[in-house]
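Since the structure comes first, as structure tokens, the remarks are kept for the end.
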């Protein structure tokens, strides 16, 4: 008896929406998108919408070679994705946020609300691939019934032009459930842990089997929060120090004796605080401060993302990298004195910079409209003789001026986590 392939049950489609189509979103989205396995990834873009909607994403990767990523759908905004006719009927299975975490500028949880409310209450799993600690709390407050997966990535990637992403090295992504930050202390939060753990396992499987990542990792809730604090150990030391030191890169900082001592002090402060906050020591496999500093010596030419943002006049991830750690530590009776100093100084510098920019706009002289030039009255000339009219056309008529229009290429758009 022949097998009727048309009657074989196909797996239910998995619909994943990435909010943010920078380097991180495009790279990880491209590894999950597998239409042949019924896994479909769509993107919400911003400035690169026109290019990606037309051409998709071109990836140039160290790990997987060069390839093209054609998302299922591309949207110019979150609202457009929520209102689109081609959105999944039951909402998105996963809503993955990969934008910069800037709670002092925008509330990500409110921004994604139209997408989350599109699905039945509590159905969509929210995945946060962002820097910092404490980023999950606003989402938990706004969406108390939705599972949350929090993720930490170590990837070197940049968007070198709209729709073109270059991955230089590393692909690691660590994931785990988030309920209340303590691993689930009530029946309701324990249920959330169970649901988010199932989602974490499915994502790790998709990244590993379909995406061919060799370093997609699963943690429990406290474990993944320790991984977040470990990255804070690096980011909270390196990023603000690079700005306050006048624009010094990573390798140059760790080879300067005084700066290296300062960086080690910041890292050790976090290494002592995180276990006191979470009640568990860092996993042994995570690098200790001196190992991190030694490894950074080889990162010649590297600039922390916060320094790049400062140089371009953009908002920095101050709150999630410095402000939140300081406030969370205080709630647990722990003082992060070095991080608090960095936070106070850099927050003040950013505020003054932004105020100067506003003043420059206010006091910028307005361009005067050119005054209309009144055409001169025609001069009346009385000819002594009748004016002769030429019988032939006048030779030497001027030709239109020719000029080549120069097209300016856009500067590369770096995007790193």
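The values are calculated or read from the model by the stated rules, or taken from the named source; none is laboratory data. Predicted model, so just to flag it, every value in this text is computed and none were measured. Note that each Cβ is placed from the backbone with ideal geometry, even for glycine, and that neighbours are counted across all protein chains shown.
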- [ ] Might you check whether a residue that is in contact (Cβ under 8 Å) with a residue 24 or more places away in the chain, more than 30 Å from residue 53 (Cα to Cα) and in a loop (DSSP other than H, G, I, E, B) occurs anywhere in the stretch 153-162?
- [x] no
Open item on the list: Restricting to the stretch 110-138, name every residue that is surrounded by fewer than 23 Cβ atoms within 10 Å (Cβ to Cβ), without any contact (Cβ under 8 Å) to a residue 40 or more places away in the chain, in contact with a helix residue (DSSP H, G or I) (Cβ under 6 Å, 6 or more places away or on another chain) and within 19 Å of residue 189 (Cα to Cα).
Closed with: 138
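Would it be correct to say that residue 200 is surrounded by fewer than 20 Cβ atoms within 10 Å (Cβ to Cβ) and part of a helix (DSSP H, G or I)?
No: the conditions fail for residue 200.
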Open item on the list: Going residue by residue through the stretch 210-217, is there one that turns out to be under 30 Å from residue 41 (Cβ atoms), assigned by TED's automatic domain parsing to the domain that holds residue 173, part of a helix (DSSP H, G or I) and in contact (Cβ under 8 Å) with a residue 60 or more places away in the chain?
Closed with: yes
Open item on the list: Against the definition (surrounded by fewer than 20 Cβ atoms within 10 Å (Cβ to Cβ) and part of a strand (DSSP E or B)), how does residue 79 come out, yes or no?
Closed with: no
TODO: Test residue 138 against the stated conditions and say whether it is more than 20 Å from the chain's Cα centre (by Cα) and modelled with pLDDT of 95 or more.
DONE: no
Open item on the list: For the stretch 316-350, give me each residue that is surrounded by fewer than 17 Cβ atoms within 10 Å (Cβ to Cβ), in contact (Cβ under 8 Å) with a residue 60 or more places away in the chain and farther than 16 Å from residue 270 by Cβ.
Closed with: 345, 349
- [ ] Please tell me if residue 287 is touching a helix residue (DSSP H, G or I) at 6+ places or on another chain (Cβ under 9 Å) and in a helix (DSSP H, G or I).
- [x] no
TODO: Tell me, please, whether a residue that is at pLDDT 95 or above, closer than 14 Å to residue 25 by Cα, touching a helix residue (DSSP H, G or I) at 6+ places or on another chain (Cβ under 9 Å) and not in a strand (DSSP E or B) can be found in the stretch 49-58.
DONE: yes
TODO: Name every residue in the stretch 253-270 that is surrounded by 16 or more Cβ atoms within 10 Å (Cβ to Cβ) and out of contact with any helix residue (DSSP H, G or I) (no Cβ under 6 Å at 6 or more places or on another chain), in order of residue number.
DONE: 262
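Given the options 181, 122, 132, name the one that is in a loop (DSSP other than H, G, I, E, B), in the same structural domain as residue 60 (by TED's automatic domain parsing) and modelled with pLDDT under 95.
Step by step, each of 181, 122, 132 is checked, and only 181 is in a loop (DSSP other than H, G, I, E, B), in the same structural domain as residue 60 (by TED's automatic domain parsing) and modelled with pLDDT under 95.
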TODO: Inspect all residues belonging to the stretch 268-279 and state whether any of them is in contact with a strand residue (DSSP E or B) (Cβ under 7 Å, 6 or more places away or on another chain), part of a helix (DSSP H, G or I) and not assigned by TED's automatic domain parsing to the domain that holds residue 170.
DONE: no
TODO: Could you grab me the full set of residues in the stretch 46-68 that are in contact with a strand residue (DSSP E or B) (Cβ under 6 Å, 6 or more places away or on another chain) and either surrounded by 20 or more Cβ atoms within 10 Å (Cβ to Cβ) or touching a residue at least 60 places away in the same chain (Cβ under 8 Å) (or both)?
DONE: 52, 56, 57, 58, 59, 60, 61, 62, 63
TODO: State all residues of the stretch 213-238 that are in contact with a helix residue (DSSP H, G or I) (Cβ under 7 Å, 6 or more places away or on another chain) and farther than 23 Å from residue 320 by Cα; if no residue qualifies, say none.
DONE: 213, 216
Open item on the list: Just checking, does the stretch 22-35 include any residue being more than 21 Å from residue 172 (Cβ to Cβ) and touching a residue at least 60 places away in the same chain (Cβ under 8 Å)?
Closed with: no
